[in-house]
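The values are calculated or read from the model by the stated rules, or taken from the named source; none is laboratory data. Treat the numbers as computed from the prediction; the structure is a model and nothing was measured. Here Cβ is always computed from backbone atoms with ideal geometry, including for glycine, and neighbour counts include all displayed protein chains.
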Amino acid sequence: MSNRLLELNLYHLRIPLRSWCAWEYPPGKYVDTVISAALLADGTVGYGEGVPGPHITGETVDSVFFNIGDSLVESLKNVEPKTLSDIFDLVDNLPFTNPQGQTINAARCCVELALLDAYSHYFKRPLTTVSDWLGYSGFSAGGSIDKIRVSGALFPGTWPLGTQLLLMRWYGLRDFKLNLNGQYDQENLERVYFSLKHALQSLDFSLRVDANGAWDIDTATALSKKLHDYSIISLEQPLSPNDHSHLHTIASLSPVPLMADESLVSLEDGQFLAQNDFTDYFNIGISKNGGLLPALRLAELALKSSLGIQLGAAPGETGVLAAAGRKFLQMIPNIDFTEICYSSFMLDREIVTPKMRFTYGGRLIPTKGPGLGIRVRRDKIAQFLAKPPGKITLA
């Protein structure tokens, strides 16, 4: 039977957060995400997800819907591939910007993952074969997933930091990241450091901090020197992503290795940062960077440039993106940190089976079979719909 792409359905989901993680970002006690479903002529359905990041790519739920229907739809007409490689070619050429020059990475990711999931199922071939298609001989079988452990993300202003740490340590986590928000940063840092001091000094645990682009150059240089005294192993996004004029200064003066996040949206961003020695780590995100293939290309660049890699997560992403992250980890060796698979720890309900959250100690179980290795619950999609679905007919 034909595998022609018939239609793409879009769902705006608004999923409540669990009480402990209803922090300032994102606002309120719920998260918004967009789920896509690609329907083939033989009845095969593949799912994707894109989480709009207004503070990173400038996208909103409405812009994701619009850009899929306006900027990406032409690439989706008359799709009837003979091999899975044909789909790799197609998704690799999806645009990253709309005609107005605006970044559409969440929209692109939404479409890319749905097509990869659907056609991997149709051809009964695993998604991990994409590493062979890319020609990345350095990607090892099994990647990092058996070794990597999910980090504990600490957010001041919600539950007391001591309580957060206690619960995470009770669950066996050993790597932690403290998000700094400008208020009581010094006190929060000291509280976490002294709680972990002996384990940090013995290298049993690790601690990173994320400034979320909130510091100016004077604050960044001063605080980076203090961070060294607290056994911090990485400082994430100390400066605004728009502040290119001080990148050389902070890279030269910071005694703590730097990690790029909000400033790493495109492959061109990665090339700029790597070629100028402006960072020590890439924080790669499947949705933030436009899909699985762009994330793999950034990982290849990081490995070639001898940079560390963190696989990050979009706040509130469901098990669809978490499953894509696991596929990434199954392909890429030498991943340093990851923050994926918090889905049912954070969200009031999960929309996929099996659950994608990490297990004790932050361990991740590889997904099996073709596609993303999950089954999306249509009843859960219906439960959390924030507005009527969108339907794009393609054939």
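Scanning region 315-340 for residues that are in contact with an Asp or Glu (Cβ under 9 Å, 6 or more places away or on another chain), assigned to a loop (DSSP other than H, G, I, E, B) and closer than 17 Å to Gly50 by Cβ yields a total of 4. Restricting region 366-384 to residues that are touching a residue at least 12 places away in the same chain (Cβ under 8 Å) and loosely packed, with under 15 Cβ neighbours inside 10 Å, the residue that is nearest to Val320 (Cα to Cα) is Arg375.
Which residue, of Ser131, Ser75, Ser85, is within 18 Å of Ile286 (Cα to Cα) and assigned to a helix (DSSP H, G or I)? First the steps, then the outcome.
Working: Ser75 fails: within 18 Å of Ile286 (Cα to Cα); Ser85 fails: within 18 Å of Ile286 (Cα to Cα).
None of the other options fit; the residue is Ser131.
Only one entry in Leu17, Leu76, Leu13, Leu72 is modelled with pLDDT under 95 and not assigned by TED's automatic domain parsing to the domain that holds Met346, namely Leu17. Scoring Asn179 on the criteria (1) closer than 23 Å to Ile340 by Cα; (2) at pLDDT 95 or above leaves a single failure, condition (2).
Out of Lys387, Lys327, Lys355, I need the residue that is in the same structural domain as Arg208 (by TED's automatic domain parsing) and surrounded by fewer than 20 Cβ atoms within 10 Å (Cβ to Cβ). Which one? Selected residue: Lys355, the only one of Lys387, Lys327, Lys355 that is in the same structural domain as Arg208 (by TED's automatic domain parsing) and surrounded by fewer than 20 Cβ atoms within 10 Å (Cβ to Cβ). Criterion first (touching a Pro at 6+ places or on another chain (Cβ under 9 Å), aliphatic (A, V, I, L, M) and more than 16 Å from Ile392 (Cα to Cα)) does Val91 satisfy it? When the stated conditions are applied, Val91 does not pass them.
If a residue has to be part of a helix (DSSP H, G or I), hydroxyl-bearing (Ser, Thr, Tyr) and either under 18 Å from Gly312 (Cβ atoms) or in contact with a strand residue (DSSP E or B) (Cβ under 9 Å, 6 or more places away or on another chain) (or both) to count, how many in region 180-220 make the cut? Full working, then the answer.
Filtering region 180-220 down to residues part of a helix (DSSP H, G or I) leaves 185-201, 217-220.
Filter once more, keeping what is hydroxyl-bearing (Ser, Thr, Tyr): 193, 195, 219.
Next, from what is left, pick out any that are either under 18 Å from Gly312 (Cβ atoms) or in contact with a strand residue (DSSP E or B) (Cβ under 9 Å, 6 or more places away or on another chain) (or both): 193.
Number satisfying all stated conditions: 1.
Gly101 meets each of the listed conditions (1) under 23 Å from the mean Cα position of the chain (by Cα); (2) assigned to a loop (DSSP other than H, G, I, E, B); (3) over 19 Å from Glu268 (Cβ atoms); (4) without any contact (Cβ under 8 Å) to a residue 40 or more places away in the chain apart from (3). Taking Thr279, is it closer than 19 Å to Gly213 by Cα, among the hydroxyl-bearing types (Ser, Thr, Tyr), out of contact with any Phe, Trp or Tyr (no Cβ under 9 Å at 6 or more places or on another chain) and at pLDDT 95 or above? So Thr279 passes the test.
Could you grab me the full set of residues in region 132-168 that are charged (D, E, K, R) and either surrounded by fewer than 16 Cβ atoms within 10 Å (Cβ to Cβ) or not assigned by TED's automatic domain parsing to the domain that holds Pro333 (or both)? Before you say what the answer is, go through the steps one by one.
Step one: filter region 132-168 for residues charged (D, E, K, R), giving 132, 146-147, 149.
Across region 132-168, the qualifying residues are Asp132, Asp146, Lys147.
Residues that are under 21 Å from Lys288 (Cα atoms) and surrounded by fewer than 21 Cβ atoms within 10 Å (Cβ to Cβ) within region 113-130 comprise just one, Thr128. Could you tell me whether any residue of region 341-362 is in a loop (DSSP other than H, G, I, E, B), more than 30 Å from Phe272 (Cβ to Cβ), touching a Ser or Thr at 6+ places or on another chain (Cβ under 8 Å) and aliphatic (A, V, I, L, M)? Yes: one or more hits. Considering Phe66, Phe96, the condition of being closer than 24 Å to Ser263 by Cα and among the aromatic types (Phe, Trp, Tyr) is satisfied by Phe96 alone. Among the residues of region 169-179, which ones are surrounded by 16 or more Cβ atoms within 10 Å (Cβ to Cβ) and assigned to a helix (DSSP H, G or I)? Arg169 - this is the single residue of region 169-179 that is surrounded by 16 or more Cβ atoms within 10 Å (Cβ to Cβ) and assigned to a helix (DSSP H, G or I). Of all the listed residues (Arg14, Arg18, Arg4, Arg108), the sole one being buried (at least 24 other Cβ atoms within 10 Å of the Cβ) and touching a residue at least 40 places away in the same chain (Cβ under 8 Å) is Arg108.
Listed by first and then second residue, the pairs linking a residue in region 211-234 that is over 15 Å from Lys177 (Cβ atoms) and modelled with pLDDT of 95 or more to a residue that is part of a strand (DSSP E or B) and not hydroxyl-bearing (Ser, Thr, Tyr), with Cβ atoms under 9 Å apart and 6 or more places separating them unless they lie on different chains, are Ile217/Leu239.
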